[in-house]
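Comments concern the structure below.
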Amino acid sequence: MSFYRVMKAYREVYPVRLMASVFGVSPSGFYDWLKRKPSARQRRREALTGEVREAFAASHGIYGSRKVAQELAVRRVEVCRNTVAKIMGELGLRSRAQRRRIVGWALSDSLETTLVLEALDGAIRWRRPGSGLLHHSDRGVQYASERYRALLGEHGIACSMSRRGDCWDNAPMERFMGSLKSEWIAHERLANIEQARTSVFRYIDVFYNRQRLHQALGYAPPPRSNRTRHSNQRRPPFVGHLNVSD
């Protein structure tokens, strides 16, 4: 029974009687279930639960059920996405990348470190995160610079970088940049960087963050409840660059 599996997983965290009351089952029924010799199906389910939990943790909480299932396939674990989604639901595992909101951006015609510093500083001032935030990026030299890492450390932000040769590790940002270019920039005629900045602002702050339907969100726009309460502050930047030519 799924309720009993959840209770077993969390019995070191919450009292059994409390969980039994929440799920509408009896503590005695739970203990009787524990004493039963697990069937082959139950043993497989427990093994899959461990695999799902490990794969999700290895992704730093980024992967949803589709990518967790793909990761398990790479590990030669046979399981369908629906089963992975059900297990993740039972464990309360939810991708932290699900909101699909750009919290800041910056634009320049160069890749100097000042670009990413402006982006990070603006995002920090806009969202005001507490210590313990995980910052993930690719292995660009700007993100590895002393000034950038110092700014992360100043705000108690942990640094995480993509693994070498892993093109999927930073997939959410790569997907966003692809959408920006194909959905928007490819259809614009930009004469200078100011026009580019205005155009990117319209895409991110007006369309992408407020109106665009996201597949990962069930073809819905980003949750409105996630909007900052400091809406009167200056637009925050996101790390990125765009080359503008005549």
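Descriptive notes on the structure:
- The residues neighbouring residue 7, those whose beta-carbon lies less than 15 Å from its own, together hold a net charge of +3 under the Lys/Arg +1, Asp/Glu -1 convention.
- Inter-label distance for residue 66 and residue 42, nm, one decimal - labels placed 7 Å from Cα along Cα-to-Cβ: 3.5 nm
- Sequence of 103, 22, 52 once ranked by neighbouring C-beta atoms within 10 Å, starting from the fewest: 22, 103, 52
- Ranked 181, 67, 86, criterion: other C-beta atoms within 10 Å, fewest first: 181, 86, 67
- The amide H of residue 105, built 1.01 Å from its N in the peptide plane, has 238 as neighbours under 5 Å, considering only residues 5 or more places off or on other chains.
- Applying 0.36 nm per residue to the separation of residue 16 and residue 35 and subtracting their alpha-carbon distance, the gain on full extension is 5.3 nm.
- Linear extension gain, residue 133 paired with residue 177, 0.36 nm per residue minus alpha-carbon span: 13.6 nm
- 3J(HN,Hα) along region 3-11: 4, 5, 5, 5, 4, 5, 5, 10, 5 Hz, from the Karplus curve 6.51 cos²θ - 1.76 cosθ + 1.60 with θ = phi - 60°, whole Hz, x for Gly and Pro.
- Charged neighbours of residue 77, selected by a Cβ distance under 12 Å, balance to -1 (K, R count +1; D, E count -1).
- Percent of alpha-carbon pairs separated by more than 21 Å within region 2-91: 38 percent
- Taking every alpha-carbon pair in region 72-151 and binning the separations at 10 Å intervals from zero gives 13, 35, 23, 21, 8 percent.
A short reminder: the numbers here are calculations on the coordinates, not readings from a lab. Note that the coordinates shown come from a computational prediction; the quantities given were computed from them, not determined experimentally. Methodologically, a virtual Cβ is constructed for each residue, glycine included, from the backbone with ideal geometry; neighbour enumeration extends over all protein chains shown.
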